[in-house]
Structures are given as structure tokens and as C-alpha cells.
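> Once you've had a glance at the structure underneath, I'll fire off some questions.
Bear in mind that the values in this text are calculations on the coordinates, not laboratory data. Nothing here was measured: the structure is a model prediction, and the numbers come from that model. Quick reminder, even Gly has a Cβ in these numbers, built from the backbone with ideal geometry, and neighbours come from all protein chains shown.
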Amino acid sequence: MAAEVLAQGGARVTVYDAMPSAGRKFLMAGRGGLNLTHSEPLPQFMARYREAAPKLQAAVEAFPPDALRAWSETLGETTFVGSSGRVFPKAFKASPLLRAWLRRLDAGGVRFAFRHRWTGWDGEGRLAFQTPEGAHAIGASATVLALGGASWPRLGSDGGWVELLAAKGVAVSKLRPANSGFTVAWSDVFRDRFEGQPLKGVALTIGAHTVRGEAMITRSGIEGGAIYALSAELREAVLGLGQATLMIALRPDLDVAALTTRLSGTRGKQSLANFLRKAAQLSPVGIGLMQEAAIASGRPLAAFSAAELAHLVNAVPVQLTGVAPIDRAISTAGGITFDELDEHFMLRKLPGVFAAGEMLDWEAPTGGYLLQASFATGAAAGRGVLGWLDQSQKS
Ligand SMILES: Cc1cc2nc3c(=O)[nH]c(=O)nc-3n(C[C@H](O)[C@H](O)[C@H](O)COP(=O)(O)OP(=O)(O)OC[C@H]3O[C@@H](n4cnc5c(N)ncnc54)[C@H](O)[C@@H]3O)c2cc1C
């Protein structure tokens, strides 16, 4: 995005990427339909960036969700608003958009140099690259770093830049998994039976935060949309205390009284699982979670009274024992701290070097907020470089 703004502003631009082709993580994001942005009003939209919102406000206001949708349209990809307010291209994937974009950048004079891994600066302040042909040094009037976070490193962004910037005295807050799963010590029986099964229409709570949505049981724990939406709170609790209790409400629209009435009927010859499934419309995986909680409490579920079962249905405790590794996370928290940047996204300690995208210290839930902030800060850094080049020429 910075390259596009720069080329439109008349600059000669080369994009260097360590990978053999462009936009690999963008293409991966397209596998889920490419949730480009979100349609909610801007004040709510900005609140998703939490404490970083004031730092991103000007960039997002200058390139807001509507501008991103219009941009996509100029590339032949009209967008639509899904039922949850999320915005997707009609093609519901990234490849046609990326192809059209690369064609337009090429026509606009942007050059691409792949298999160029940036490794810092040489003794003369030139950008140093490792390439299959050996080391290269390239002089540039200005540089935009847009090296991403550290999730899914096989797609290119591996966080290798952290040490390079730290060596220059740039403060980087530790890269941590965001929109990530968590580990749970499931019993072997539960893991084998329910791995890959979704929990639908549940409400998840940690402390004062509750989110409704879906979660997915994995071999080593739990992941999915509702987990990602709570991942910042869950991560801080797990990292701070070593573990955290996630409360799952399996039937959040039924209160304890209604559930108690349903569960007070006679079971007859039905198994407990069948009874729970029919009386409270619980899924097998939901009942499995209740069994896990009962085992952990040291009492079999069969010994629970109707009132106790009713209470458990909407407060199943799940002990999270750790955060899933960053290479499986959707995005990255942490990054270059905003104090290191001026209002044009230039690094104060490295004049002429700008930074944008997920390598900055912000995080947001899934919903299009990640790409929107990456696009908006890329555009802002591009404008910043144009201003910087203009000023440098005058002085
Ligand atoms: C599975 C998955 C699904 C996602 N779905 C969505 C979604 O639907 N909506 C959404 O908003 N977000 C989504 N995201 C997140 C989104 O893709 C990222 O937030 C976004 O791509 C970040 O853009 P970026 O340009 O900052 O970094 P990246 O897209 O990570 O790009 C960084 C680039 O820098 C290159 N690079 C890194 N280090 C070097 C180096 N030393 N030298 C040279 N090149 C280097 C990399 O090769 C890469 O091309 C998803 C992410 C994943 C993993």
C-alpha cells in the first residue's frame, strides 16, 4: 500500500521481499474469504484497537473502511457486507484482488525484487540484503519497513527484524500471539472423541469479558472466533498467572430456572448423555465438556442434582494451561512501540525509515481490523515518505 501511494506520488519504488512471491499471508487470509474490513461505525471500529486506537486514529480516518472498499472496487473486486457486518470481496478470496493489484503496481512503475531478505544496514547506511546470488547493498532515499508480525512464519513474516531494530536502539514490545488458540489438558477420551468439533452458539467468559460465538476443540486445546475475540484477555491471564479459567455457557439463552425445570424430568432408562441432549438440547461435545469438568471436580456427572447440572450447563469451567505457539496464531501483538514513531510513521531514531502494518505495537480481533490497520498505516507511511522526500529536496 505504501508502494502504491509512493508511486502515485511520483517516487521510484522497489519492493523487496524475502519470499519468492508477493502477499503470501494476504493469500492465506483469502482462504477464509478475505475479511477486508468491517462495516460498523468508526467509533466502534476504532475501539477494537484498544489502547492503540488513538495512535491509529489519524491513519484510519485518512484511509477508512469505505476507502478500502472503494480501493478494492477500483481493482475490479466489489465488496459485500456479511451478516456479521464483516466486509468481503464478492470473489470471497484474495487471489484475483492480489493479481489485479500487482498488475496495477507494475503498470505504475513499482518494481519487485523477491528472494531479497533484508538483514539491516551496511557500514555506509545502505540497506543490506541476502539473496540467492549473495549479499547486496542498496541505497535508498527513504525506506518503508512492512515486515509483518511473527505468526505463520512460513508465509514470510518471521519477526527476524526485531533484533535488527533493537540493535539500533528502537524499542520493540515483545511479539506475542494474538487471535490464537490456548492449550487445555483434555483427557484422552475427550481429545480422541471431540478433536475438530465445533461448539456453536456458546458464550465464553473470562473475568468481566464475555463473547458469544463459536469455538473449536483441538487436539491440544481450544481455538476459534469467540476464543480469538477474547484472546488478549485470556493471553494476559495465562501468561500472568500460569493458567486461566475460561467459563463456557453452552445454552446462554436459557437461565438456571428454565434449565432446572428441563433437567428435573425423569431420566428413565436413558443414559445421562441422552437425557442431557434431549432435555437441554446439548451437543455431544458440550456434554463431553461437562463430563471433563465433573472429572476435574472429583464427582461423576451422574451424581449431580438437576440444579447442579443446570448451573454447570452455563458455567462449564475449562482450565487454559498455556497459549498456543505464535506460529499458529492469526496475528501478532507487540511490535515497534508508537513512542518510536512520529506522526508520519517515521522512526524517530532512524530518519528516513518508516514502518507500517502488523510490525507496529497494536492488536485487534478478527473481523477485518487487521487488514484495515495494515492498509491504513501503509498508506500513511507512503504519504509520510512523500513529505519527507519533498522536505529533503528543499533543504
Ligand atoms: C490464517 C490467517 C488468516 C487471516 N485472515 C485475515 C482476515 O480475514 N482479515 C484480516 O483483516 N486479517 C487477516 N489475517 C491477518 C492479516 O493477514 C495480517 O494482519 C496482514 O497480512 C499484515 O500485513 P503486513 O503487510 O503488516 O504483514 P505481512 O502480510 O505479514 O507481510 C510482511 C511481508 O514482509 C516480508 N518480510 C518479513 N521479513 C522480511 C525480511 N527480513 N526481508 C524481506 N522481507 C521480509 C514477508 O515475506 C511478507 O511478505 C489473517 C492472518 C492469517 C495468518
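> Report, to the nearest 10°, how far helix 284-297 tilts away from the longest principal axis of the Cα atoms in the chain, using its own Cα long axis and a range of 0 to 90°.
80
> Which of the peptides 247-260, 333-346 is most tightly packed, and how do the rest follow, judged by the mean count of other Cβ atoms within 10 Å per residue?
Per-residue Cβ counts within 10 Å, averaged per peptide and sorted highest first, yield 333-346, 247-260.
> Explain nothing, just the number: relative contact order of region 182-323, from Cα pairs under 8 Å at least 6 residues apart, as a whole percent.
Once divided by the residue count of region 182-323, the mean separation gives 32 percent.
> Moving on to the next point. Lysines within cross-link reach of Lys90: Cα-Cα under 22 Å, excluding same-chain residues under 8 positions apart?
Lys25
> Something else about it: Could you give the dipole magnitude of the chain about its Cα centre, charging the beta-carbon of Lys and Arg +1 and that of Asp and Glu -1, in debye to the nearest 20?
Around 1040 debye, computed over the chain.
> Here's another thing I want to ask about it. Remind me, relative contact order of the chain in percent, using alpha carbon pairs under 8 angstrom and six or more residues apart?
Answer for the chain is 24 percent.
> Under 29 Å Cα-Cα from Lys278, which lysines qualify once same-chain neighbours fewer than 8 residues away are excluded?
Lys200, Lys269
> I've got another one for you. Does anyone have the angle between helix 369-394 and the longest principal axis of the chain? Alpha-carbon axes, 0 to 90°, nearest 10?
Roughly 20 degrees, rounded to the nearest 10.
> Ok, one more. Just the number, please: Stokes-Einstein D of the chain in µm²/s, Kirkwood Rh from C-alpha pairs, 20 °C, 1.002 mPa s.
92
> While we're on this one: Of Lys55/Lys349; Lys55/Lys174; Lys55/Lys93, which ones are farther than 20 Å apart at the Cα?
Too far apart for the 20 Å limit: Lys55/Lys93.
> Okay, moving on. Which of the peptides 38-44, 65-71 is most tightly packed, and how do the rest follow, judged by the mean count of other Cβ atoms within 10 Å per residue?
In decreasing order of mean packing, 38-44, 65-71 become 65-71, 38-44.
> Once the Cβ-Cβ distance between Thr266 and Thr337 is put in as r, and R0 is 56 Å, what FRET efficiency do you end up with, to the nearest 0.05?
Taking R0 as 56 Å, the efficiency between Thr266 and Thr337 is 0.35.
> Still on this structure, please answer the following. Can you give me the long-range amide H partners of Gly334? Hydrogens built in the peptide plane at 1.01 Å from N, cutoff under 5 Å, separation of 5 or more residues or another chain.
Arg176, Trp362
> Can you list the equivalent-ellipsoid semi-axes of region 232-333, largest first and in whole Å, using the square root of 5 times each Cα gyration tensor eigenvalue?
After scaling each eigenvalue by five and taking roots: 31, 13, 12 Å.
> Using the alpha-carbon atoms, what tilt in degrees (0 to 90, nearest 10) does helix 231-241 show relative to the longest principal axis of the chain?
Between helix and principal axis, roughly 80 degrees.
> Could you tell me the calculated FRET efficiency between Lys200 and Lys168, based on Cβ-Cβ distance and R0 = 56 angstrom, to the nearest 0.05?
So, using R0 = 56 Å, E works out to roughly 0.70.
> Pop the C-beta distance of Ala62 and Arg212 into the FRET formula with R0 = 30 Å and round what comes out to the nearest 0.05.
Step by step, r from the Cβ atoms, then E = 0.35.
> For the chain, what does the helix formula give at 222 nm: sum of -39500 (n - 2.57) over DSSP H segments with n ≥ 4, over the residue count, nearest 500 deg cm²/dmol?
The per-residue figure over the chain is -11000 deg cm²/dmol.
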